[in-house]
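Enquirer: Shown below is the structure under consideration.
The values are calculated or read from the model by the stated rules, or taken from the named source; none is laboratory data. Source: prediction; values computed, not measured. Here Cβ is always computed from backbone atoms with ideal geometry, including for glycine, and neighbour counts include all displayed protein chains.
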Amino acid sequence: MGNRVLASIPTKDFRRLERDLEPVTLGFGQVLYEPRKAIRHVYFPLGCLVSLLTAVDKRRTLEVGMVGNEGMAGMPFILGMGVSGVRALVQGGGDALRMASAPFRIEFDRNRPLRDALYRYTYALMAQISQTAACNRFHDAEARLARWLLMTRDRVGSDEFLLTQEFLAHMLGLRREGVTEAAGALRKRGLISYSRGSLRVLDAKGLKASSCTCYQIVKSVFDRAQG
Ligand SMILES: [Zn+2]
């Protein structure tokens, strides 16, 4: 599975960039960035999925965005900052290409197609983050869970993913019982199955019907931004 930002760059510009890209395999639960800490690498996910989390207090976190193979983790760099505002956590293990911050800055300044692709991506990611904020405040747990599962499915390119209810609670800002209830409702309708930490989407169309409109709104922005 390729990365869509990198795939959009003309071959001659990509060749130069390629020299500084290092293949890495990221494991579930790995932390890439911490708030207020320097960013050492940017990551272009191939098959992995990265969650952007905001700390609410010592115990609770809330997912405010996710980055898969449609984008790049390390958005502050695009905006001229070298420090992360969020915690970036690998929520789906898999491959990525990473680039150290110093060569990335040089390449970002001189590689126009890369810069344009990352500006468009940042626009879409900001739309995703603002929609997620509204979603977390106004939409019920079941619709949010359906939205989250659809977004994850699009980014990992698979109907099955590993996750625990506790993990989902952290992502969605719910109590564990809230996750159990929402997942139970989706399972009862035959939309998902769940066993031993593995969740499978059985009926994506039905899941779309159960999701709030946030899924489609964000998807349309990404489709538009990536042409
Ligand atoms: Zn929503």
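Enquirer: What pairs can you find where one residue is in the stretch 212-227 and farther than 19 Å from residue 141 by Cβ and in contact (Cβ under 8 Å) with a residue 12 or more places away in the chain, the other is away from the ligand (no atom under 12 Å from the Cβ) and aromatic (Phe, Trp, Tyr), and their Cβ atoms are less than 7 Å apart, with a gap of 6+ or different chains?
Expert: 225/121; 225/123
Enquirer: Looking only at residues in the stretch 169-227 that are polar (S, T, N, Q) and assigned to a helix (DSSP H, G or I), which one is farthest from residue 115 (Cα to Cα)? I'd like the intermediate steps shown before the answer.
Expert: To start, the set of residues in the stretch 169-227 that are polar (S, T, N, Q) comprises 180, 193, 195, 198, 210-211, 213, 216, 220, 226.
In the following step, the residues that additionally are assigned to a helix (DSSP H, G or I) were identified as 180, 210, 216, 220, 226.
Details: 180: 42, 210: 37, 216: 26, 220: 21, 226: 13 Å.
So the residue we want is 180.
Enquirer: Give the residues of the stretch 165-211 that are in contact (Cβ under 8 Å) with a residue 12 or more places away in the chain, touching a helix residue (DSSP H, G or I) at 6+ places or on another chain (Cβ under 6 Å) and of a type in the set (A, V, I, L, M, F, W, C), sorted by residue number.
Expert: 168, 172, 174, 179, 182, 185, 191, 192, 201, 207
Enquirer: Among all residue pairs at least 6 apart or on different chains, which show Cβ distances below 6 Å where the first residue, located in the stretch 126-150, is of a type in the set (S, T, N, Q) and the second is at pLDDT below 95?
Expert: Final answer for the pair search is 128/65; 132/64; 136/173.
Enquirer: Looking at the stretch 1-37, which of its residues are among the hydrophobic types (A, V, I, L, M, F, W, C) and either touching a residue at least 60 places away in the same chain (Cβ under 8 Å) or in contact with a helix residue (DSSP H, G or I) (Cβ under 8 Å, 6 or more places away or on another chain) (or both)? If you could, list the steps in order and put the result at the bottom.
Expert: Restricting attention to the stretch 1-37, the residues satisfying the condition of being among the hydrophobic types (A, V, I, L, M, F, W, C) are 1, 5-7, 9, 14, 17, 21, 24, 26, 28, 31-32.
Within the stretch 1-37, 1, 5, 6, 9, 14, 17, 21, 24, 26, 28 meet the criteria.
Enquirer: So, in the stretch 137-164, how many residues would count as being closer than 18 Å to residue 61 by Cα, buried (at least 17 other Cβ atoms within 10 Å of the Cβ) and modelled with pLDDT under 90?
Expert: Qualifying residue count, the stretch 137-164: 1.
Enquirer: To continue, here is another question. Counting residues that are closer than 24 Å to residue 224 by Cα, which strands (runs of 3 or more DSSP E) fully inside the stretch 1-81 reach at least 3? So that I can check it myself, show each step before the final result.
Expert: Values: elements: 22-26, 31-33, 41-45, 49-55, 61-67.
It comes to 41-45, 49-55, 61-67.
Enquirer: Could I ask something else about it? Of all residues in the stretch 122-162, which are small (Gly, Ala, Ser) and either within 9 Å of the ligand (Cβ to nearest atom) or part of a helix (DSSP H, G or I) (or both)?
Expert: Within the stretch 122-162, 124, 127, 130, 133, 134, 141, 143, 146 qualify.
Enquirer: Oh, and also: Please count how many residues of the stretch 195-215 are more than 13 Å from the ligand (Cβ to nearest atom) and either aromatic (Phe, Trp, Tyr) or modelled with pLDDT under 95 (or both). Talk me through it step by step, then tell me what you get.
Expert: First pass over the stretch 195-215, keeping only residues more than 13 Å from the ligand (Cβ to nearest atom): 195-207, 209.
Of the ones still in play, those that are also either aromatic (Phe, Trp, Tyr) or modelled with pLDDT under 95 (or both) are 195-199.
Total meeting the criteria: 5.
Enquirer: Tell me which of these residue 157 doesn't satisfy, since it passes every other one: (1) at positive phi; (2) over 20 Å from the mean Cα position of the chain (by Cα).
Expert: (2)
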